[in-house]
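First up is the structure itself, then whatever we jot down about it.
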Amino acid sequence: MNSRVNKVIALSAVTLGICGILSGCSSSHYSYKTPNIDYSSVYLSLKVDEKELDKLEDVSSANIYAYNSSGVRVSYTSSAKPLLTKGRYSYSFFCAATAKNATIDFFNSKGDFIGCTTIALPELGKNLNEDVDINKLYDEKAALSSYTLKIRELSAEKVKGGNINLEAVLKTPNGEQFVTDNTYSIDWSSSDIGVIHSSGNGIFTVVDSGQATITVEYNGVFSATKNYTIQ
């Protein structure tokens with residue numbers, strides 16, 4: 001065998017060795033697995049049945065809130081406008097993958113609350129996009145019998161100069177939601193600002209001795225009160 005043939009054989013052996021290392025010369029040695037990606041945010045579309053939405057009077061805009069399993073708000077969008085496609089109004093926004101349920105509050109052209117819906121969400125984060133169908137809405141009257149607002153006391157220094165820290169909790173068909181930070185829809189007040197004065201966002205300052213009732217209203221419809229006596 002001549003030297004040229006020996007060189008060709010040797011070169012072929014080296015090439016095969018490299019191919020074996022890289023495992024790329026034969027398609028039978030190559031496999032690809034789709035990576036398991038968990039998205040921190042999901043483009044969530046809440047699709048409301050057209051006939052259900054049309055039962056509400058003059059829907060002009062909506063506020064959408066998403067909450068985690070502990071009832072803490074993780075995403076929201078305000079003054080949302082829907083897109084009508086194939087008999088469903090679609091409200092879409094980027095939502096944290098930790099969200100377990102979402103609430104849509106509907107408002108008419110005057111800015112009055114006219115109804116809402118709350119829906120449990122599937123496990124988010126596995127897909128970049130998620131569509132959820134909604135088939136039931138609560139008008140204002142039905143919402144008042146299905147949702148309940150209450151006040152939770154976080155801390156209270158019932159002395160002159162002290163602070164009272166409160167939280168508004170909305171009980172929904174899908175669990176409790178902390179709505180104190182939903183500033184577009186919530187209002188805190190005191191029956192006597194000479195005794196207890198509202199600093200906003202559920203924080204009150206004790207001014208003097210006496211009695212006062214603290215009231216919280218959500219969307220101008222749901223309300224709760226708590227009485228205080230300051231010595």
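With 25 Å as the limit, the listed pairs 81/150; 47/141; 110/141 have 81/150 beyond it between alpha carbons. Applying the criteria of a DSSP loop state and at most 13 other Cβ atoms within 10 Å to the chymotrypsin sites (Phe, Trp or Tyr not before Pro) of the stretch 75-148 yields no site. Quote the FRET efficiency, to the nearest 0.05, computed for residue 129 versus residue 192 with a Förster distance R0 of 35 Å and r equal to the Cβ-Cβ distance. E between residue 129 and residue 192, to the nearest 0.05, is 0.10. Of the trypsin sites (Lys or Arg not before Pro) found in the stretch 39-68, those in coil by DSSP whose Cβ has at most 13 other Cβ atoms within 10 Å are 55. With a Förster radius of 35 Å applied to the C-beta separation of residue 145 and residue 203, the computed FRET efficiency comes to 0.70.
Relative to its Kirkwood radius, the Cα radius of gyration of the stretch 92-197 gives an Rg/Rh of 1.05.
Could you give the length gained on full extension between residue 49 and residue 229, defined as 0.36 nm per residue of separation minus the Cα-Cα distance, in nm?
On the way: separation 180, 0.36 × 180 = 64.80 nm, distance 4.88 nm.
Additional length available on full extension: 59.9 nm.
Here, the stretch 101-152 is characterised by an Rg to Rh ratio of 1.06, where Rg is the alpha-carbon radius of gyration and Rh the Kirkwood radius. Note on residue 184: accessible area approximately 150 square angstrom, rounded to 10, probe 1.4 Å, nucleic acids and ligands left out. Loop-located GluC sites (Glu not before Pro) in the stretch 144-180 (DSSP state not H, G, I, E or B) with no more than 16 neighbouring Cβ atoms inside 10 Å: 157. The alpha-carbon atoms of the stretch 150-219, seen along their principal axes, cover 40, 20, 17 angstrom, with the largest extent given first. Here the stretch 111-201 has 43 percent of its accessible surface on carbon and sulfur atoms, given a 1.4 Å probe and all protein chains in place. Each residue of the stretch 162-171 was assigned a 3J(HN,Hα) from its phi angle through the Karplus curve 6.51 cos²θ - 1.76 cosθ + 1.60 (θ = phi - 60°); the sequence is x, 10, 10, 10, 10, 10, 9, 10, 9, 8 Hz, with glycine and proline shown as x. Rounded to whole Å, the principal axis extents of the Cα atoms in the stretch 67-123 read 33, 28, 16, largest first.
Evaluate E = 1/(1 + (r/R0)^6) for residue 83 and residue 152, where r is the Cβ-Cβ distance and R0 equals 30 Å; express this FRET efficiency to the nearest 0.05.
Values: r = 37 Å, r/R0 = 1.24.
The formula returns an efficiency of 0.20 here.
For the stretch 24-182, the alpha carbon positions stretch 81, 44, 23 Å along the principal axes, listed from largest to smallest.
The values are calculated or read from the model by the stated rules, or taken from the named source; none is laboratory data. Owing to the predicted nature of the structure, the values given are computational and were not obtained by experimental measurement. A quick note on method: Cβ atoms are made from the backbone with ideal geometry, for glycine too, and the neighbour counts reach across all protein chains shown. Each accessible area value is taken on the protein alone, full model and side chains, heavy atoms only, with ligands, DNA and RNA left out. Shrake-Rupley method; radii C 1.70, N 1.55, O 1.52, S 1.80 Å.
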